[in-house]
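Here's the structure, in structure tokens; my notes come after.
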Amino acid sequence: MAIYGGFTIDGTDLAPYVKMDEGLKPSKYVVNGPNAGRTLNGTAILDVVAEKHRIDIVCRELTSAESHVVLGCLSSGAMTVSYEDPEDGYITISAYCASWAAGVKRIKPGTSQTVWSGVSFALVEI
């Protein structure tokens, strides 16, 4: 079963490939500028220059053809990603794929179909 709502990369709908429940995990992080650091007593000094989005994706079990679709979307460098964010609603960002991984390749029992489990990737806003 896939996630509800939209999740696209460069117009390709990847929502059907994302694992239900824990498959799409959006987060935000702060980018600090050159004046950030710590004082001698350990007090943090922030120099926030931006807030950026990150999305960690875990796919459901994918056939070889489906894994080619998903991973093929990640090879373009900069990409346009649209998804529903819990804070900002449905948004579109420019992002890059920070990393991807795949788990076990196996033959589905009773078939000759090759499937991949554990396909995951991280998208980071540019």
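The values are calculated or read from the model by the stated rules, or taken from the named source; none is laboratory data. It should be emphasised that the depicted structure is a prediction, and the values quoted were computed from it without experimental measurement. So basically every Cβ, Gly included, is an ideal-geometry build from the backbone, and we count neighbours across all protein chains shown.
Looking at region 94-105, can you tell me whether even one residue there is out of contact with any Leu (no Cβ under 8 Å at 6 or more places or on another chain), of a type in the set (Lys, Arg) and within 20 Å of Lys25 (Cα to Cα)? No: zero hits.
The residues listed here are Asp21, Asp85; of these, the one that is touching a residue at least 24 places away in the same chain (Cβ under 8 Å) and closer than 17 Å to Phe7 by Cα is Asp85.
In region 104-122, the count of residues that are in contact (Cβ under 8 Å) with a residue 60 or more places away in the chain, of a type in the set (Phe, Trp, Tyr) and either touching a strand residue (DSSP E or B) at 6+ places or on another chain (Cβ under 6 Å) or under 17 Å from Tyr17 (Cα atoms) (or both) is one or more. Restricted to region 70-86, and to residues there that are modelled with pLDDT of 95 or more, surrounded by fewer than 16 Cβ atoms within 10 Å (Cβ to Cβ) and out of contact with any Gly (no Cβ under 8 Å at 6 or more places or on another chain), the residue that is nearest to Ala15 (Cα to Cα) is Gly72.
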